[in-house]
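Following: one structure in structure tokens, then a few remarks.
A short reminder: the numbers here are calculations on the coordinates, not readings from a lab. None of the values given here were measured: they were computed from a predicted structure. Cβ sites come from the backbone with ideal geometry, for glycine too, and all protein chains shown count toward neighbours.
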Number of protein chains: 4
Amino acid sequence: MTDPAPIVEFRPTPNQYAFTFGGAEPVLTVTPGTVLRVWSDDAFCSAIGPDDSHLAGRLDPARVNPQTGPFHVEGAERGDTVAIHLVTLEPARDYGVSAIVPHFGGLTSTTDAPTLQDPLPDLVWIYHLDPARQSMTYRARHSDHAVRLPVEPMLGTLAVAPAAGEVRSSLVPDRFGGNLDTPFLRAGTTCYLGVNVPGALFSLGDGHYRQGDAEACGTAVEGPMITTLIVDLLKGRAPATPRLETDDLLISVGSGRPLEDAWRIAQHDLAHWLTELLGLHPLDAYQLLSQIVRAPIANVVDPNHTITVAVAKALIPPLQPYDDIHIRLRRAADRLAKQPHPSQIHPRTNPMTDTRSSRTRRSR
Amino acid sequence: MTDPAPIVEFRPTPNQYAFTFGGAEPVLTVTPGTVLRVWSDDAFCSAIGPDDSHLAGRLDPARVNPQTGPFHVEGAERGDTVAIHLVTLEPARDYGVSAIVPHFGGLTSTTDAPTLQDPLPDLVWIYHLDPARQSMTYRARHSDHAVRLPVEPMLGTLAVAPAAGEVRSSLVPDRFGGNLDTPFLRAGTTCYLGVNVPGALFSLGDGHYRQGDAEACGTAVEGPMITTLIVDLLKGRAPATPRLETDDLLISVGSGRPLEDAWRIAQHDLAHWLTELLGLHPLDAYQLLSQIVRAPIANVVDPNHTITVAVAKALIPPLQPYDDIHIRLRRAADRLAKQPHPSQIHPRTNPMTDTRSSRTRRSR
Amino acid sequence: MTDPAPIVEFRPTPNQYAFTFGGAEPVLTVTPGTVLRVWSDDAFCSAIGPDDSHLAGRLDPARVNPQTGPFHVEGAERGDTVAIHLVTLEPARDYGVSAIVPHFGGLTSTTDAPTLQDPLPDLVWIYHLDPARQSMTYRARHSDHAVRLPVEPMLGTLAVAPAAGEVRSSLVPDRFGGNLDTPFLRAGTTCYLGVNVPGALFSLGDGHYRQGDAEACGTAVEGPMITTLIVDLLKGRAPATPRLETDDLLISVGSGRPLEDAWRIAQHDLAHWLTELLGLHPLDAYQLLSQIVRAPIANVVDPNHTITVAVAKALIPPLQPYDDIHIRLRRAADRLAKQPHPSQIHPRTNPMTDTRSSRTRRSR
Amino acid sequence: MTDPAPIVEFRPTPNQYAFTFGGAEPVLTVTPGTVLRVWSDDAFCSAIGPDDSHLAGRLDPARVNPQTGPFHVEGAERGDTVAIHLVTLEPARDYGVSAIVPHFGGLTSTTDAPTLQDPLPDLVWIYHLDPARQSMTYRARHSDHAVRLPVEPMLGTLAVAPAAGEVRSSLVPDRFGGNLDTPFLRAGTTCYLGVNVPGALFSLGDGHYRQGDAEACGTAVEGPMITTLIVDLLKGRAPATPRLETDDLLISVGSGRPLEDAWRIAQHDLAHWLTELLGLHPLDAYQLLSQIVRAPIANVVDPNHTITVAVAKALIPPLQPYDDIHIRLRRAADRLAKQPHPSQIHPRTNPMTDTRSSRTRRSR
């Protein structure tokens, strides 16, 4: 991946939305090194307008968390690793939506842990964006408090198709990535996912204009997103669970229930990642990480719960994760930043069409 | 609390160590506003020397996590709130100790979740401190890797006596504080604990020269600590779970099992704290916090697991937690900083005696 | 369903095995009321012979827990209920196999909750059956203890296709049934499953010659099984989670993690089932069940954990679950028992072919 | 213990009630072999009358789950085992009380796992006993359903003082026994508890006239109980967790959170118990138990959750747990049954006084 690649743009029509990881036909085939600029709808399929105050009557429960994709990565085989570098994330609407969904969320009983109590009420909060200031405004529903918050875009979902022939709802985070809901999935991050099926079949969606750790109420500030990413492929070396890399951090992501098990998956993976990279004994890595990691909860509301365990590169000896592919992708992203491209918040005025470049071909 | 208080110093003799929260006679009575400068032993009762490589034969399992205290706060009654402001934490030894304790820790089966597998080996890591550089050195046991890490002192334990007549092991974190093992218990933090018994009976210990989130292997870089703190008292207003305040953050601390429940306790408390401070409806607080909190794991290895949920003051409207007592204590701490006092790493040469000032009296 | 139906026999060839719930083409279409007599392979695809002592080198990890089916039930639509009455379960081999699978089971760390400890060893136990005495013999691997145990056949799995387009590994128990691993799935039980896709697409497998509660080591006494069942259909009334009925018991089955949540799903469902059947207020049902249910763990080793909550019909007022379909199916089963049919333990000598009766047709 | 011992009777006055395990002075000292006949109050300290419909205004939250005891067992030292054989349990009132306690129970959020939902209502159900028929009557609160249920008396709590100087609320089940809430604690059962402090300091209470598995709503049919028991002492051999023995079963009891960990404690202990008794290798015991145990939930509502894992003696080779002490105590109980003693339901007419026999002496 040496030349700046042409940018492949893709925006799905609503009937192209995928609501599962696995189980959907690819919308495009891309070669490793392709720059993709894709639009993704929000978790509610844009059913909630800027004046809405409730989900009921608007939201189609069969159409939540639509995914853009899947994309077939040419040459990707089971056991390989796809590296997806997030170049930019641009909110594609001038408001975000959050909501309390009855029987869903962190401070309520749920369908997975039912009680006999009444559910919390169905309530919507609209966050209007001020693009000039890169901010949004929270407005209380029961009083006149307003709070200005920074826009900090991230993706709730980034996934490959699952292993063992499984097809999972787009609400699920797991080994294949998915609905991880971690704020670390932001511009500047490279995500490593182990390939389970030919072509990897990666997809993304669930744009969040911002989110706190744990996604407490079950929804972030949800909105359509234009994501520019570079996809690359490493032969073999599939991680057991998603790994993230930023300029400053190495991160392992664990999903499971309860959170202790999610944490074990992440901490165990990070210890083994350090072991591979530094030649440390696993018990020495266990010890070192015990003193230096950060471990924020990603989500405590999805079918699996997710924890990220992060170590600062500054605290450990120099290392070259995945042969420095993050550094190379970062440089490619920097070159991209110098290329002009239309950046528009309103997808209505953004004619993102289902184009094909010379480096991609339509999948069957 | 207006005048700089005289500093009351206290260092327990080994037979004054408390190994429980509750159940021990107070070692001193202090008035609200007292500045305490206390020495606490490390979690191993200093049984591990700088040349030791294993715990077996050294560690007395009946003497772990010794507490300095308890201190009786004059006038504290059930339902009141003690505010403990940590002014400085000074490592009181030139090395820290960490270890894998068989059947204890995060990436192993434990006595609370036993399996039929062999335990991990008993292994000690010694971290030598370089006071001039405020750093310490990690050395691998199975290779010759060495890593220099910053000293970032914190207290593993800070507690009042439990409610309902309970006495808990000093290994336990819970509503009364205790073995929270959160890096937020560092200099500059004010800790609010609800009083359960007359005099509150607070104690502290388990100094860590640094610790990663979750205290993965079960032990931090353990060492004796000299803690300077100011203790104050607010009538009533006992929080349901420990609360922390720094210049920048409001933090609720939840302990329980599994981590989901610990998180619920913390998130629920922080939502209600915001509700009280801002007059927000609880559902509006739930929504706002969902988008702005940070939620790092404190520990996943103790009898309860602990999570901290933190909100940046910069992201919310101005508020006055506990009538700005943190600001007042912070100022008093600043004044203290200008007072000369001996700061010595080696307790052997630090004649901290069981002194009494005019503002304290020996408890019966 | 009034006449004794002709018996439709089916035995899959190995390349007809399904390893997922959902995602497989139906092998047969059956009308409601059909009696099926089907052979299912064991959880190891018969890879373990009577003289084997280890799994390694024998077991293909991509071929575990094969399912017989799926069967398309004519007329079944989403929201309907399939009622599957287990008439007889006949062990189809003269030995059963159990094993410790490294990183799988209840008293070990697992891939879902990894530690740094060594795994338990790969070990196989062979249980030889004595058909005349309906018994089998446990033989210790490390001493010469032998214990004769009754044969008590049950099915580990019984499922319909999942909802929301999901496809799940045949190792998973959930709302659609699946790898429940409950000893209540034995002859005489009627299982009610909510239909998610046209035709329901039910399948079964994972025969156990016996199993303790919780399936502690991860495997029961596994063996091929000949299952005779009657499948029936109720329009609408899909339960939220699998329900079982025997002559004596009503049972709700909950699957999730941790076990508390599995229990909540089951207990909540049973309370609502009583509410529907008796016209009880849900809080009155909650109270009554609190004093009378039995709640054995089904499994604590699968991707979800499963609990059964059972109430004795003798302890509650007379009721007619699903319009007494269990009673009708039971009578039909009794009539079947009077019909002669070959009952052979050895499938080699049992020419079960992929036959079609006039009441079934080959699916496309 | 050869002679039928004199029966020592004890009924505490309300100010003698203990509300903790540990932390209370013994009420009596008894020698091993003593037969005790003791009265215990119900979990509500008899605050709920037969015409009450709500707890509020009646129940003192500081006085729940009162214990009768503790009793000092002469000669009991740390590491020893007390064997307590339950001879008879007699309901000591003509009605039992159950209730939904807001923020407590299994199908509700709780103070340990709070949500923002409204609590369930405070509601009381009264069960009137019909001693002649050994039955009680459930009456719905929201309709006119009535159900006659058998009286099946059991003790919710049986405990020794905890280890490590801890004092625990009488609501807690743990290694020391306590609020196990298992229906196996009924007449005919011998309970083995490891001694942590000199004299063992055992206590009992929380009589249930019947209870379903898991104690779903948080309360059983609560009532005062007259318990006749024989206490005995074995030197050494303290089990790691409570063990129960009946004529038919060996049972290990695990308490923890989540239920998976409670199960691990119980299953691990039972495997090791079999290992000791039969000379089986632990992995062989693990295998055998996997196929034969029953594992009902005891409680899912207390500060720890409890599971019992039981193996039928009929399924395993003959063994002599604790040197057949259960058989000897059973015989002694049979001899007792032939002795006349007053059996009265109404404690008002039962002059149980704080008597001392020649075999006991008043503790200091």
**Prompt:** Does D:Glu90 fit the bill of being charged (D, E, K, R), away from every other protein chain (no Cβ under 14 Å) and crowded, with 16+ Cβ neighbours inside 10 Å?
**Reply:** yes
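Which residues, counting only those in the stretch D:240-250, are among the aliphatic types (A, V, I, L, M) and either crowded, with 21+ Cβ neighbours inside 10 Å or at the interface with chain C (Cβ under 8 Å from one of its Cβ atoms) (or both)? Outline the logic, then answer.
Step one: filter the stretch D:240-250 for residues among the aliphatic types (A, V, I, L, M), giving D:240, D:244, D:249-250.
Those that are among the aliphatic types (A, V, I, L, M) and either crowded, with 21+ Cβ neighbours inside 10 Å or at the interface with chain C (Cβ under 8 Å from one of its Cβ atoms) (or both): D:Leu244, D:Leu250.
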**Message:** So D:Ile84 ticks every box in (1) under 25 Å from D:Arg168 (Cα atoms); (2) of a type in the set (Val, Ile, Thr); (3) within 14 Å of chain B (Cβ to nearest Cβ) but one. Which box is left unticked?
**Reply:** (3)
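In the stretch B:114-143, how many are closer than 21 Å to A:Lys313 by Cβ and within 13 Å of chain A (Cβ to nearest Cβ)?
Of the stretch B:114-143, the ones closer than 21 Å to A:Lys313 by Cβ are B:127, B:133-140, B:143.
Imposing the further condition that a residue be within 13 Å of chain A (Cβ to nearest Cβ) reduces the set to B:127, B:135-140, B:143.
Number of matching residues: 8.
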**Request:** All but one of (1) assigned to a strand (DSSP E or B); (2) over 24 Å from the mean Cα position of the chain (by Cα) hold for D:Thr108, so report the exception by its number.
**Result:** (1)
**Asked** Could you say whether any residue in the stretch D:100-110 is within 14 Å of chain C (Cβ to nearest Cβ) and either surrounded by fewer than 16 Cβ atoms within 10 Å (Cβ to Cβ) or more than 30 Å from A:Gly106 (Cα to Cα) (or both)?
**Response** no
**Request:** Answer yes or no: is there a residue in the stretch A:91-102 that is within 23 Å of A:Thr190 (Cβ to Cβ) and in a strand (DSSP E or B).
**Result:** yes
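D:Thr20 - would you say it is in contact with a Phe, Trp or Tyr (Cβ under 9 Å, 6 or more places away or on another chain) and of a type in the set (Ser, Thr, Tyr)?
On the way: in contact with a Phe, Trp or Tyr (Cβ under 9 Å, 6 or more places away or on another chain): no; of a type in the set (Ser, Thr, Tyr): yes.
No, not satisfied.
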**Request:** Would you check if C:Ala295 is without any contact (Cβ under 8 Å) to a residue 60 or more places away in the chain, buried (at least 24 other Cβ atoms within 10 Å of the Cβ) and more than 28 Å from D:Pro282 (Cα to Cα)?
**Result:** no
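Within the stretch B:23-32, is even one residue in a loop (DSSP other than H, G, I, E, B) and under 17 Å from B:Leu86 (Cα atoms)?
Residues of the stretch B:23-32 that are in a loop (DSSP other than H, G, I, E, B), as a first pass: B:23-27, B:31-32.
Now drop any that are not under 17 Å from B:Leu86 (Cα atoms), which leaves B:31-32.
Looking through the stretch B:23-32, at least one residue is in a loop (DSSP other than H, G, I, E, B) and under 17 Å from B:Leu86 (Cα atoms).
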**Request:** Please specify each residue of the stretch B:162-179 satisfying the condition of being within 20 Å of B:Ala62 (Cα to Cα) and of a type in the set (A, V, I, L, M).
**Result:** B:Val167, B:Leu171, B:Val172
**Residues located in the stretch B:197-242, provided they are under 15 Å from the mean Cα position of the chain (by Cα) and acidic (Asp, Glu)** = B:Asp206, B:Asp213, B:Glu215, B:Glu222
**Message:** As an exercise: evaluate D:Ser46 against (1) within 14 Å of chain B (Cβ to nearest Cβ); (2) on the phi > 0 side of the Ramachandran plot and give the number of the one condition it does not meet.
**Reply:** (1)
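Would you mind finding the one in A:Arg186, A:Arg210 that is assigned to a loop (DSSP other than H, G, I, E, B), of a type in the set (Lys, Arg) and more than 26 Å from B:Pro282 (Cβ to Cβ)? First the steps, then the outcome.
Values: A:Arg210 fails: more than 26 Å from B:Pro282 (Cβ to Cβ).
Residue meeting the stated conditions: A:Arg186.
Determine if the stretch B:282-290 includes at least one residue that is under 23 Å from A:Val311 (Cα atoms), in contact with a helix residue (DSSP H, G or I) (Cβ under 9 Å, 6 or more places away or on another chain), surrounded by 24 or more Cβ atoms within 10 Å (Cβ to Cβ) and not hydrophobic (A, V, I, L, M, F, W, C). Steps first, answer last, please.
First, the residues of the stretch B:282-290 that are under 23 Å from A:Val311 (Cα atoms): none.
No, the conditions are met nowhere in the stretch B:282-290.
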**Request:** Mind listing whichever residues of the stretch B:265-304 are within 7 Å of chain A (Cβ to nearest Cβ) and under 29 Å from B:Val64 (Cβ atoms)?
**Result:** B:Ala295, B:Pro296, B:Ile297, B:Val300
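Is one or more of the residues making up the stretch C:180-197 on the phi > 0 side of the Ramachandran plot and within 14 Å of chain D (Cβ to nearest Cβ)? Quick ask: steps written out before the conclusion?
Our first condition is that a residue be on the phi > 0 side of the Ramachandran plot; within the stretch C:180-197, this holds for C:181, C:188.
Adding the requirement that they be within 14 Å of chain D (Cβ to nearest Cβ) leaves C:181.
Looking for residues that are on the phi > 0 side of the Ramachandran plot and within 14 Å of chain D (Cβ to nearest Cβ), one finds at least one in the stretch C:180-197, hence yes.
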**Fill in**
Going through (1) surrounded by fewer than 20 Cβ atoms within 10 Å (Cβ to Cβ); (2) over 24 Å from the mean Cα position of the chain (by Cα) one by one, D:Leu116 fails only at (1)
**Request:** Can you work out which of the residues in the stretch B:254-267 that are over 13 Å from B:Arg175 (Cα atoms) and touching a Phe, Trp or Tyr at 6+ places or on another chain (Cβ under 9 Å) is surrounded by the most Cβ atoms within 10 Å (Cβ to Cβ)?
**Result:** B:Gln267
**Fill in**
Among (1) surrounded by fewer than 24 Cβ atoms within 10 Å (Cβ to Cβ); (2) within 19 Å of B:Thr241 (Cβ to Cβ); (3) not aromatic (Phe, Trp, Tyr), B:Val195 falls short only on (1)
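Looking at C:Asp247, C:Asp232, C:Asp302, which is the one that is among the acidic types (Asp, Glu), more than 19 Å from A:Pro303 (Cβ to Cβ) and in contact with a Ser or Thr (Cβ under 9 Å, 6 or more places away or on another chain)? Break it down stepwise before answering.
Details: C:Asp247 fails: in contact with a Ser or Thr (Cβ under 9 Å, 6 or more places away or on another chain); C:Asp302 fails: more than 19 Å from A:Pro303 (Cβ to Cβ).
Step by step, each of C:Asp247, C:Asp232, C:Asp302 is checked, and only C:Asp232 is among the acidic types (Asp, Glu), more than 19 Å from A:Pro303 (Cβ to Cβ) and in contact with a Ser or Thr (Cβ under 9 Å, 6 or more places away or on another chain).
Evaluate the stretch D:127-149: report whether one residue or more is in contact (Cβ under 8 Å) with a residue 24 or more places away in the chain and among the aromatic types (Phe, Trp, Tyr). Spell out the reasoning first.
First pass over the stretch D:127-149, keeping only residues in contact (Cβ under 8 Å) with a residue 24 or more places away in the chain: D:127-129, D:131, D:136, D:141, D:149.
Applying the additional criterion that residues be among the aromatic types (Phe, Trp, Tyr) yields D:127.
Scanning the stretch D:127-149, I find at least one residue that is in contact (Cβ under 8 Å) with a residue 24 or more places away in the chain and among the aromatic types (Phe, Trp, Tyr), so the answer is yes.
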**Request:** Check off (1) closer than 22 Å to D:Pro61 by Cα; (2) of a type in the set (D, E, K, R); (3) more than 14 Å from chain C (Cβ to nearest Cβ) for D:Arg237 and give me the number that stays unchecked.
**Result:** (1)
**Asked** Can you name every residue in the stretch A:56-83 that is farther than 22 Å from A:Thr20 by Cβ and in a loop (DSSP other than H, G, I, E, B)?
**Response** A:Ala56, A:Gly57, A:Arg58, A:Glu74, A:Gly75, A:Gly79
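Residues checked against (1) surrounded by fewer than 24 Cβ atoms within 10 Å (Cβ to Cβ); (2) within 21 Å of A:Arg186 (Cβ to Cβ); (3) touching a Phe, Trp or Tyr at 6+ places or on another chain (Cβ under 8 Å); (4) facing chain B (nearest Cβ under 9 Å):
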position: A:Glu215; (1), (2), (3), (4): no, yes, no, yes
position: A:Gly223; (1), (2), (3), (4): no, yes, yes, no
position: A:Ile230; (1), (2), (3), (4): no, yes, no, no
position: A:Leu233; (1), (2), (3), (4): yes, no, no, no
position: A:Ser252; (1), (2), (3), (4): no, yes, yes, no
**Request:** May I ask you to list the residues in the stretch B:281-302 that are in contact with a Leu (Cβ under 9 Å, 6 or more places away or on another chain), over 15 Å from A:Trp125 (Cα atoms) and of a type in the set (A, V, I, L, M)?
**Result:** B:Val293, B:Ile297, B:Ala298, B:Val300
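How about the stretch D:50-78: which of its residues are hydroxyl-bearing (Ser, Thr, Tyr) and farther than 20 Å from D:Leu120 by Cα? Break it down stepwise before answering.
Kept after step one, since they are hydroxyl-bearing (Ser, Thr, Tyr), are these residues of the stretch D:50-78: D:53, D:68.
D:Thr68 - this is the single residue of the stretch D:50-78 that is hydroxyl-bearing (Ser, Thr, Tyr) and farther than 20 Å from D:Leu120 by Cα.
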